[in-house]
1. I'd like the full set of residues that are β-branched (Val, Ile, Thr) and at pLDDT 90 or above, limited to the range 170-187.
2. Out of all the residues in the range 61-81, which are surrounded by 14 or more Cβ atoms within 10 Å (Cβ to Cβ) and in contact (Cβ under 8 Å) with a residue 40 or more places away in the chain?
3. If Ala71 satisfies every condition in (1) over 25 Å from Gly150 (Cβ atoms); (2) modelled with pLDDT under 85 but one, which is the exception?
4. Could you please tell me which pairs satisfy a Cβ distance under 6 Å, a separation of 6+ or placement on different chains, a first residue in the range 136-162 that is free of Cβ contacts under 8 Å to residues at least 12 places away in the same chain, and a second residue that is surrounded by 11 or more Cβ atoms within 10 Å (Cβ to Cβ) and assigned to a helix (DSSP H, G or I)?
5. Output yes when any residue across the range 80-90 is within 26 Å of Ala158 (Cβ to Cβ), more than 15 Å from the chain's Cα centre (by Cα) and part of a strand (DSSP E or B), and no when none is.
6. Being part of a helix (DSSP H, G or I), modelled with pLDDT under 85 and open to solvent by less than 90 Å² (accessible area, probe 1.4 Å): is that true of Ala31 here?
7. Determine if the range 37-54 includes at least one residue that is open to solvent by less than 60 Å² (accessible area, probe 1.4 Å) and modelled with pLDDT under 85.
8. Can you confirm whether Ser109 is in contact with a strand residue (DSSP E or B) (Cβ under 7 Å, 6 or more places away or on another chain), at negative phi and at pLDDT below 90?
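The values are calculated or read from the model by the stated rules, or taken from the named source; none is laboratory data. Given the structure is predicted, the values throughout are model-derived calculations rather than measurements. Cβ coordinates were reconstructed from backbone atoms using ideal geometry, including for glycine residues, and neighbour counts include every protein chain displayed. When the accessible area is computed, the model is the full protein with side chains, heavy atoms only, and any ligands, DNA or RNA have been set aside. Shrake-Rupley method; radii C 1.70, N 1.55, O 1.52, S 1.80 Å.
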Amino acid sequence: MNKRKLSLIVPSLAIGFSLLAGTAGLTMLAAPASNYISSEKAQQIALENAGLTADSVTFIRTHLDYDNGRAEYEVEFYQGNLEYDYDIDALNGTILSYDHDADYYAPASAAVPAVSSNSASDYITSDAAKQVALAHAGVSENDTRRMEIGFDYEHGMAVYEIEWTADWTEYSYEINASTGEVMSYETDYDD
């Protein structure tokens, strides 16, 4: 075989193998929908995990989505002013993640119960929480942009959620509203 034919065949084979590998990869991304649990089953799994019944909650959304090539149901519902969010594997019903926290949504037919027996005076101020986060990050308040501070409940615990940008970095903090302890933090490059 001469060099000219060989130089045409090798790239053609490489393209063919790439296409074949790409096609095989695509078919492995998600199983057929006929293998998925139903959205009602996903709701039932979430309710059982939360220890609640369908007649005690208001479902907002049950949505089939794909994350990293995996089919999963996003189930969201409320009981009083507690919001529950679940991600459930659509193939086997495994709970991939869940979260529940206080929200200021109240279904028209439900009264909003008190979330906590703590009063606002039991919590540190938002300014104190901000100072804790800034000190932990080693950032001066003068160097920040787009600072946002929110108050929420994570797993029944009162927290301040604080986000800001400094230089080319985004900061995100959760500060325990009772103790002032840094519960979690994250930094990301802001492009």
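1. To start, the set of residues in the range 170-187 that are β-branched (Val, Ile, Thr) comprises 175, 179, 182, 187.
Ile175, Thr179, Val182 - these are the residues of the range 170-187 that are β-branched (Val, Ile, Thr) and at pLDDT 90 or above.
2. The answer is Arg70, Ala71.
3. (2) is the only condition that Ala71 fails.
4. Glu141/Leu134
5. So in the range 80-90, the residues within 26 Å of Ala158 (Cβ to Cβ) come out as 80-87.
Remaining after also requiring more than 15 Å from the chain's Cα centre (by Cα): 80-82.
Next, only the ones that are part of a strand (DSSP E or B) stay: 82.
Checking the range 80-90: at least one residue is within 26 Å of Ala158 (Cβ to Cβ), more than 15 Å from the chain's Cα centre (by Cα) and part of a strand (DSSP E or B).
6. Numbers: part of a helix (DSSP H, G or I): no; modelled with pLDDT under 85: yes; open to solvent by less than 90 Å² (accessible area, probe 1.4 Å): yes.
So Ala31 fails the test.
7. no
8. Working: in contact with a strand residue (DSSP E or B) (Cβ under 7 Å, 6 or more places away or on another chain): no; at negative phi: yes; at pLDDT below 90: yes.
The answer is no for Ser109.
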